[in-house]
Structure formats: structure tokens, C-alpha cells
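Notes follow the structure.
The values are calculated or read from the model by the stated rules, or taken from the named source; none is laboratory data. No experiment lies behind these values; they were computed from the predicted model shown. We place every Cβ from the backbone using ideal geometry, glycine too, and count neighbours over all the protein chains shown.
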Amino acid sequence: KNEVEQSPQNLTAQEGEFITINCSYSVGISALHWLQQHPGGGIVSLFMLSSGKKKHGRLIATINIQEKHSSLHITASHPRDSAVYICAVSRYTGNQFYFGTGTSLTVIP
Amino acid sequence: AAGVIQSPRHLIKEKRETATLKCYPIPRHDTVYWYQQGPGQDPQFLISFYEKMQSDKGSIPDRFSAQQFSDYHSELNMSSLELGDSALYFCASNLEVEGEQYFGPGTRLTVT
């Protein structure tokens, strides 16, 4: 069983919709990371969370340490948000990432 | 701001050949991580270096080796290449005391 599970695996939304991607993990972590991978492969770090909630533009990430669960929300989705969103955890500061299976998001105009 | 640089961006090799991938971390970053992402798969951790010493080892095959040099750049050496080594190889860097990693654009290796 993967230490980091994401859902859904694939998601198609209409432009403007509110999107939620979920991540659950089964190990102790120092931080949880949300990453974005566009077609062609480049990975961009969106958020690093160890507690609470962070917001950047239309993106919001939350984490519940007790429940070992995090969510990534996209408000007013846009076709340029189409990408694979990956949840990753680090077990302690500076450590390697353990990646979730990714959620492939397609936003249709 | 300077980002992580990887070279080459694309590489085509034949079976049993060798390949060397290079990673130049963000200036002042002391830690480098290598990840392998096969087609349709999650990235998998291979190996990491902190201050030029190997700090952690993941699923790196014995045919692969890596090192970090005095200028903190790192090289991943891959020998006796197999078809299954075809993948996107990412390098990431950070300051060891910080959790966030910054990813390079990746090197796409195709073994034919």
C-alpha cells in the first residue's frame, strides 16, 4: 500500500468550477507538499504545509494532522490549471519526498 | 531567480550504453535529490547528497552511481542501460534545514 494516497486519480471540470483534490497519508511527516506537473514534465512546488491552511491566488491547501489528510482546492478553475497535481510528504526536514499517485486535472473551457 | 538546472534535457541512448545526467542546484543550496519517473508513474526517490556526502539512498539500481561535487553540482551516472531505464529524471535541491524542494525541469532519457 502506498504511503500517500490521492483521490480522485482523474478529474474533469468545467471552467469556473470549484475543484477539490484529496490526499491521505499513513506515516508521520514533517511536512506535506502539493506539486504541479504540466505535460512535458516540469514539477512546480505549490505549497508546503505542516499545519493549518495556506492560500496563494486561487489555490488553497489545508491539512489536518490528526486525520492525516490534506486537500487542495482550486477556485474559479481555468483551462490553464490543467495539469497533474501531486501530493508528497517528507518524513523529516530535508528528507526525500514520498509521492502520491497524482491527480490528473482537465479543465474544459 | 535562479532555478535548478539539469542537462541534458533530452537524451537518447542504446541498450548497454552509459549516460551521465547533470544537475546544478540553486545557488547556496547544499542538498541535491535525484528522482526517477517512469511513464505514467509516480516519481521515485533514487539518492540524495548533503554537503557532498550521500545522505539517503532509495531505489537506485547498482548500475547507477552519483556524486556531488565541491561546487554542489551533482551527476548521475548510469551504466549498462536497459529499456526500463527510460524515464524522466528529476533533480531537486534545497537547504538541508528547509523542507521545501525546488525541482529542475528534468532530463528525459530514452533507451532504445
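Go through B:Tyr72, B:Tyr35, B:Tyr102 for me and flag whichever is in contact with a His (Cβ under 9 Å, 6 or more places away or on another chain), of a type in the set (Ser, Thr, Tyr), surrounded by 13 or more Cβ atoms within 10 Å (Cβ to Cβ) and within 8 Å of another protein chain (Cβ to nearest Cβ). Can you show your working first?
Numbers: B:Tyr72 fails: within 8 Å of another protein chain (Cβ to nearest Cβ); B:Tyr35 fails: in contact with a His (Cβ under 9 Å, 6 or more places away or on another chain).
Being in contact with a His (Cβ under 9 Å, 6 or more places away or on another chain), of a type in the set (Ser, Thr, Tyr), surrounded by 13 or more Cβ atoms within 10 Å (Cβ to Cβ) and within 8 Å of another protein chain (Cβ to nearest Cβ) holds for just one of B:Tyr72, B:Tyr35, B:Tyr102, which is B:Tyr102.
In the set (1) surrounded by 13 or more Cβ atoms within 10 Å (Cβ to Cβ); (2) away from every other protein chain (no Cβ under 12 Å), B:Thr18 fails one condition alone, (1). The condition of being within 12 Å of chain B (Cβ to nearest Cβ) and of a type in the set (S, T, N, Q) holds for only one of A:Gln66, A:Gln96, that being A:Gln96. Taken over the range A:63-108, the criterion of being farther than 19 Å from A:Ser30 by Cβ and assigned to a loop (DSSP other than H, G, I, E, B) is satisfied by A:Thr75, A:Ala76, A:Ser77, A:His78, A:Ser82, A:Thr101, A:Gly102. The single condition from (1) in contact (Cβ under 8 Å) with a residue 60 or more places away in the chain; (2) within 10 Å of another protein chain (Cβ to nearest Cβ); (3) of a type outside the set (Lys, Arg); (4) buried (at least 21 other Cβ atoms within 10 Å of the Cβ) that A:Ser30 fails is (4). Listed by first and then second residue, the pairs linking a residue in the range A:69-83 that is within 17 Å of A:Gly102 (Cβ to Cβ) to a residue that is part of a helix (DSSP H, G or I) and at pLDDT 95 or above, with Cβ atoms under 7 Å apart and 6 or more places separating them unless they lie on different chains, are A:Ile74/A:Asp81. Candidates B:Ser65, B:Ser93, B:Ser48, B:Ser80: the one that is in contact (Cβ under 8 Å) with a residue 24 or more places away in the chain, among the polar types (S, T, N, Q) and assigned to a strand (DSSP E or B) is B:Ser93. Inside the range A:51-68, residues that are over 24 Å from A:Thr106 (Cβ atoms) and within 11 Å of the chain's Cα centre (by Cα) make up a count of 1.
Scanning the range B:51-61 for residues that are more than 14 Å from B:Gly84 (Cβ to Cβ) and outside any strand (DSSP E or B) returns B:Glu51, B:Lys52, B:Gly58.
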